[in-house]
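A.B. asks: Below: one structure in structure tokens.
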Amino acid sequence: MLGKARFTIGFIVGSIVFGSSAFATTTILATNTPDGGYLLCFNSKTKAVTYPGKLSCPTGTKALDLGAGWGEDGADGLQGPQGIQGIPGIQGVKGDTGPQGLTGNTGAQGARGATGAPGSGSAGTSSQQNYWKIIPYKDIVVDGSITEWSNAKTVVMATISPKNLPLGYFSLSANLSGFWSTTVFDLSAKPMVQCYFQDKEDYDSKLGTRQWGEGKADYVDWTSLSLSVGGYAWFLASTDAPVYLVCKSTGTLQDFGGQIIATPFETSTEMTGEIAGILKGF
């Protein structure tokens, strides 16, 4: 192996010295490394080539750079195939929220708009109003001999007319109270009082028909009594006949009275057809 190596070196050196392409250089390029090449020294008299192991040759020899030169650049190689695209990287951690920015300056106030046109709605109606009337307290004296209801004493307790209310339709409510007198009749007779609303025309006829809102009270084991009566009235002209609050009793009453409340209907329209005929004939 060593002999082959020496032959190879001698062949290379001979090619460098005696070949047509042999050259000498005054600038040492070798670095005595595999990458930079090695410096050899040639003795022209003895034809010997030596390796000094340093980057200078002794006097009488010529420096030879072995492997220190570079040839021309070769042609570019073919482009290799495109590599496979790598998978996307993991998303980084979200950064902290930055501090809130400074509040901007307040803009100048805009010009005042023009005043809108007045609305066209109609005026609202006033709230519903109730009307009341006091029924003065009084005594109703009855003969102690009355035992039949047909002979009961009849008294007009109150009158409601167009003079008391505006024209229109009203619901009526009467509340009365009083005491039975125990000195003028036999308690075993069990007296009774009945109150109701009635038109003046029906009251004057003495027939006792067409009465409404009847309220009754009997004597049982106590002397005080109270009753409530509901009815209605309507006045379409100032000349309409009044409505009476009538009470009938078979016993004497003391301090008997109370009040009447009239509540107007919000709207009232006359019925037509058969219903209207029944109402008008009532």
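The values are calculated or read from the model by the stated rules, or taken from the named source; none is laboratory data. Please read these numbers as outputs of a predicted model, since none were measured by experiment. Please note: Cβ atoms are built from the backbone with ideal geometry, for glycine as well, and neighbour counts cover all protein chains shown. In case anyone asks, the SASA skips ligands and DNA or RNA and just uses the protein heavy atoms, side chains included. Shrake-Rupley method; radii C 1.70, N 1.55, O 1.52, S 1.80 Å.
A.B. asks: Test each condition in (1) in a strand (DSSP E or B); (2) at pLDDT 85 or above for Gly213 and report the one that comes out false.
C.D. replies: For Gly213, the failing item is (2).
A.B. asks: Here's something else I'd like to know. What are the residues in the range 26-38 that are in contact with a strand residue (DSSP E or B) (Cβ under 6 Å, 6 or more places away or on another chain) and open to solvent by less than 50 Å² (accessible area, probe 1.4 Å), if any?
C.D. replies: The answer is Ala30, Asn32, Gly37.
A.B. asks: Can you name the condition, by its number, that Gly116 falls short on among (1) at pLDDT 80 or above; (2) open to solvent by less than 90 Å² (accessible area, probe 1.4 Å); (3) farther than 30 Å from Ser249 by Cα?
C.D. replies: So Gly116 meets the others, but not (1).
A.B. asks: Of everything in the range 181-194 that's in contact with a Gly (Cβ under 8 Å, 6 or more places away or on another chain) and not in a loop (DSSP other than H, G, I, E, B), which residue is modelled with the lowest pLDDT?
C.D. replies: Here is the first cut: in the range 181-194, the residues in contact with a Gly (Cβ under 8 Å, 6 or more places away or on another chain) are 181, 184-186, 189, 191-194.
After this cut, where a residue has to be not in a loop (DSSP other than H, G, I, E, B) as well, the list is 189, 192-194.
Details: Ala189: 65, Met192: 86, Val193: 89, Gln194: 91.
Once the filter is applied, the top-ranked residue is Ala189.
A.B. asks: Mind counting the residues in the range 148-162 that are loosely packed, with under 13 Cβ neighbours inside 10 Å and part of a loop (DSSP other than H, G, I, E, B)?
C.D. replies: Of the residues in the range 148-162, 1 are loosely packed, with under 13 Cβ neighbours inside 10 Å and part of a loop (DSSP other than H, G, I, E, B).
A.B. asks: Please indicate, with yes or no, whether at least one residue in the range 36-43 is at pLDDT below 85 and not in a strand (DSSP E or B).
C.D. replies: Scanning the range 36-43 turns up at least one residue that is at pLDDT below 85 and not in a strand (DSSP E or B).
Here is a yes/no grid of residues against (1) over 20 Å from Ile260 (Cα atoms); (2) at pLDDT 75 or above; (3) open to solvent by 80 Å² or more (accessible area, probe 1.4 Å); (4) in a helix (DSSP H, G or I):
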| site | (1), (2), (3), (4) |
| --- | --- |
| Asn164 | no, yes, no, no |
| Leu172 | no, yes, no, no |
| Asn175 | no, yes, no, no |
| Phe179 | no, yes, yes, no |
| Tyr196 | no, yes, no, no |
| Gly208 | yes, no, no, no |
| Ala217 | no, yes, no, no |
| Trp222 | yes, no, yes, no |
| Trp234 | no, yes, yes, no |
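A.B. asks: Does Lys248 satisfy being basic (Lys, Arg), open to solvent by 20 Å² or more (accessible area, probe 1.4 Å) and not in a loop (DSSP other than H, G, I, E, B)? Step through it out loud before you land on a result.
C.D. replies: Values: basic (Lys, Arg): yes; open to solvent by 20 Å² or more (accessible area, probe 1.4 Å): yes; not in a loop (DSSP other than H, G, I, E, B): yes.
In short, yes.
A.B. asks: Something else now. Could you list all residues from the range 60-92 that are under 21 Å from Leu29 (Cβ atoms) and at pLDDT 80 or above?
C.D. replies: Just the residues of the range 60-92 that are under 21 Å from Leu29 (Cβ atoms), to begin with: 61-74.
Matches in the range 60-92: Thr61, Lys62, Ala63, Leu64.
A.B. asks: Just the residues that are small (Gly, Ala, Ser), under 59 Å from the mean Cα position of the chain (by Cα) and at pLDDT below 90, please, taken from the range 245-275.
C.D. replies: Initial filter on the range 245-275 (small (Gly, Ala, Ser)): 249, 251, 257-258, 262, 268, 273.
Then keep just the ones that are under 59 Å from the mean Cα position of the chain (by Cα); that gives 257-258, 262, 268, 273.
Passing the criteria: Ser268, Gly273.
A.B. asks: Looking at the range 137-147, which of its residues are assigned to a loop (DSSP other than H, G, I, E, B) and open to solvent by 20 Å² or more (accessible area, probe 1.4 Å)?
C.D. replies: Val141, Asp143, Gly144, Ser145, Ile146, Thr147
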